[in-house]
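Here is the structure we will look at.
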Amino acid sequence: MSSKTDKDHYIINGGRALNGEVVIGGAKNAALAIIAASIMTDETVTIENIPDVRDTNVMMEALEGIGVRINRLDRHTIQVNGSQVENVNIDTENIRKIRASYYLVGALLGKYRHAEVPLPGGCDIGSRPIDQHVKGFRALGASVNIKGGVVRAHADRLSAAHIYMDVVTVGATINIMLSAVMAEGKTIIENAAKEPHVVDVANFLNSMGANIKGAGTDVIRIKGVERLHSCTYSVIPDQIEAGTFMYAAAITGGDITIRNIIPKHLESISAKLEEIGCSIEEYDDAVRVTASEKLQPTHIKTLPYPGYPTDMQPQAGVALALAGGVSTITESIFENRFKYVDELMRMGANIRVEGNTAIIDGVEGFTGAHLVVPDLRAGAALVLAALAAEGTTVIDNVRLIERGYEDFDRKIRNLGGDIVKTDDVRMEVKKSKFKVV
Ligand code: UD1
C-alpha cells in the first residue's frame, strides 16, 4: 500500500490520439552500469544525460552509502568521486530493489579485488539467475560465494581469461567487462551481448582509459590497464523509452515525433510498427511515427539485440490486441513476462497464453478498468492501453513505472493525453467527474 503522500496512481481518461513531440532521456540501463563503473577511478568523473528515475537514484544513494561522493550539477548531470570508498560491503534495503546492483560486484571486485553486495532484485519477470556473472568472475581468478542473499567475491589478483558465455546476457557481459578492465592480460568474452548499452558502457570505460575492443559484436577483447582516470561522458538515449512512445502513437492512432534518439537502435521496433501499418519517418536524431489506419496483425519473437527487445514486448502486446486479426508473441528471454495479459483482458482484450507464446485475437477497442502495475514495462504498456480505452482507467502501483520512465505522465500530457497522478483516487475522480468503471 502506498502512503498518503506517495502519488502512486494514475487516472487516465482514454480515447484521445497522442500527437506532438517528445524528447527522450538517457538510457536507464546504460546509466546504471556507467554510474557503477564511475567509482573505478579515484579521479572525478562527470556523467551527463543521466535519467532522473527511481533506479538511478537508488544506485546513487547506495554508492553515497559506502562513501562515494556524488555531486549533482543539474537534474541530469552528476560528478562522481570514488576515492573515499569506506567499505566494499553494500548492504542497504534499497539496493536489493534494483537489478543493476549486480554491477557493483564487478566494479568493486575490479577496483578493490573484493565486493559484498546483496543479490539483485528488480522486476519479477522470471528467475533471473546470475550464474554467468559468477562464471566470469571465477574465470578471472576470483572466489565467489552466495550466502544469506549476499554475493561475496574476492581475488588476490585478477588475471585475464577466455570466457565463453553459455547464454547471451547483457548483465553478465557488462559485469565481466567491469571486472576485467584492470585484470592482468587480455580477456576475451565470446558470445557477448550486443545491446546498445553494452557498447555505451565499453565506450565509457574506454574514455576512462580502458582498452576494450569489439563491443557491439559477439567477441569483446579487453586488454587490462593499470588504472582508470577521469572523463566526461554523455549516456546514450533510452531505446526503450523511445520505443514506448513510438507504440503510444501506434496504439492511440496518433502522430508523434520522438526526438533525441539514435534511429539505428530502434530498427527492430520500427520494422514491426511498419509491418502493423504505421508509417515511420527517420531523421538523424528523431523518428516520426504516424498511425492513421487500423493496425494489422503480426508475429513477434523477442531476441537479444539486434532482435526485437524483450523490454518492448508488453507494448507490442497492447498494440496487437487492437489489430484486425490474430497475432502471436513469443517471449524467448524471460519466462514470466505476460503478467500484463490478465490486466489487459479486464479491459476487453482477447489473449490466450500458452507456454511462452501469447495468441492475441484483436478486438475493436478497450474499455477503462481498475488495473495494477505488475512490472516496469508492463506498467508502461498498460498506460498506453488506458490512453486508447473508452472511459476512465485507474492504475495502481505506478511507482514501478517510475523506476524507468522520467516524467512519464507529464510527457503524455504534453502529447495531449488525459492523465493525472494522484495519491487519492476518489478525490481526483470526484473533482474531474471521471467515471471509474
Ligand atoms: C537487462 C535489463 C533488462 C532487459 C534485459 C534483456 C538492466 C538493469 N536490465 O537485464 O531491462 O530486459 O537485460 O535485454 O540492464 N541469464 C542467465 N544467467 C545469467 C544472466 C542471465 O541464464 O547469469 C539469462 C536470463 O535469465 C535471461 C537472459 O539470460 O533469460 C538474458 O538476461 P540478461 O540479458 O542478463 O538480462 P538482465 O541483465 O537481467
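The values are calculated or read from the model by the stated rules, or taken from the named source; none is laboratory data. Please read these numbers as outputs of a predicted model, since none were measured by experiment. Backbone-built Cβ (ideal geometry, glycine too); neighbour counts: all protein chains shown. Keep in mind that these areas ignore ligands, DNA and RNA; they rest on the heavy atoms of the full protein, side chains included. Shrake-Rupley method; radii C 1.70, N 1.55, O 1.52, S 1.80 Å.
Condition (residue is closer than 18 Å to Ala107 by Cβ, open to solvent by 30 Å² or more (accessible area, probe 1.4 Å) and assigned to a helix (DSSP H, G or I)) applied to segment 29-44: is it met by at least one residue?
Here is the first cut: in segment 29-44, the residues closer than 18 Å to Ala107 by Cβ are 29-44.
From the residues that got through so far, the ones that are open to solvent by 30 Å² or more (accessible area, probe 1.4 Å) too are 29, 42-44.
Subset that is assigned to a helix (DSSP H, G or I): 29.
Yes, that holds for at least one residue.
Here is a check on your reading of the model: is Met177 more than 30 Å from Leu320 (Cβ to Cβ), at pLDDT 95 or above, in the same structural domain as Leu73 (by TED's automatic domain parsing) and in a helix (DSSP H, G or I)?
On the way: more than 30 Å from Leu320 (Cβ to Cβ): yes; at pLDDT 95 or above: yes; in the same structural domain as Leu73 (by TED's automatic domain parsing): yes; in a helix (DSSP H, G or I): yes.
Considered against the rule, which asks whether it is more than 30 Å from Leu320 (Cβ to Cβ), at pLDDT 95 or above, in the same structural domain as Leu73 (by TED's automatic domain parsing) and in a helix (DSSP H, G or I), Met177 comes out as yes.
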Is it true that Asp409 is more than 16 Å from the ligand (Cβ to nearest atom), under 25 Å from Asn49 (Cα atoms), modelled with pLDDT of 95 or more and touching a helix residue (DSSP H, G or I) at 6+ places or on another chain (Cβ under 9 Å)? yes
Given (1) modelled with pLDDT under 90; (2) of a type in the set (Val, Ile, Thr); (3) within 15 Å of the ligand (Cβ to nearest atom), identify the lone condition not met by Val105. (1)
Having 1 or more residues that are on the phi > 0 side of the Ramachandran plot and either open to solvent by 30 Å² or more (accessible area, probe 1.4 Å) or without any contact (Cβ under 8 Å) to a residue 40 or more places away in the chain (or both) is the bar; report the helices (runs of 4 or more DSSP H) wholly within segment 314-405 that clear it. none
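Let's see how each residue does on (1) within 16 Å of the ligand (Cβ to nearest atom); (2) part of a helix (DSSP H, G or I); (3) out of contact with any Gly (no Cβ under 7 Å at 6 or more places or on another chain):
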| position | (1), (2), (3) |
| --- | --- |
| Gly209 | no, no, yes |
| Val225 | no, no, no |
| Tyr233 | no, no, yes |
| Glu241 | yes, yes, no |
| Met246 | no, yes, yes |
| Ile261 | no, no, yes |
| Lys264 | no, yes, yes |
| Ser270 | no, yes, yes |
With the structure loaded, tell me whether Ile220 is more than 17 Å from Glu406 (Cβ to Cβ), hydrophobic (A, V, I, L, M, F, W, C) and buried (at least 24 other Cβ atoms within 10 Å of the Cβ) or whether it fails that test. yes
May I ask you to list the residues in segment 244-260 that are open to solvent by less than 10 Å² (accessible area, probe 1.4 Å) and farther than 24 Å from Thr367 by Cα? Ile258
Those residues that are among the polar types (S, T, N, Q), within 16 Å of the ligand (Cβ to nearest atom) and touching a residue at least 12 places away in the same chain (Cβ under 8 Å), I need them from segment 39-62; list them, please. Thr56
Please work out which residue is farthest from the ligand (Cβ to nearest atom), limiting yourself to segment 9-28 and to residues that are part of a strand (DSSP E or B), open to solvent by less than 30 Å² (accessible area, probe 1.4 Å) and aliphatic (A, V, I, L, M). Ile11
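Considering only residues that are polar (S, T, N, Q) and assigned to a loop (DSSP other than H, G, I, E, B), look in segment 283-312 and name the one that is nearest to Thr330 (Cα to Cα).
Initially, segment 283-312 is screened for residues polar (S, T, N, Q), giving 290, 292, 296, 298, 302, 310.
This time we only want the ones that are assigned to a loop (DSSP other than H, G, I, E, B), so: 292, 296, 298.
Details: Ser292: 27, Gln296: 17, Thr298: 11 Å.
Across segment 283-312, the extreme among qualifying residues is Thr298.
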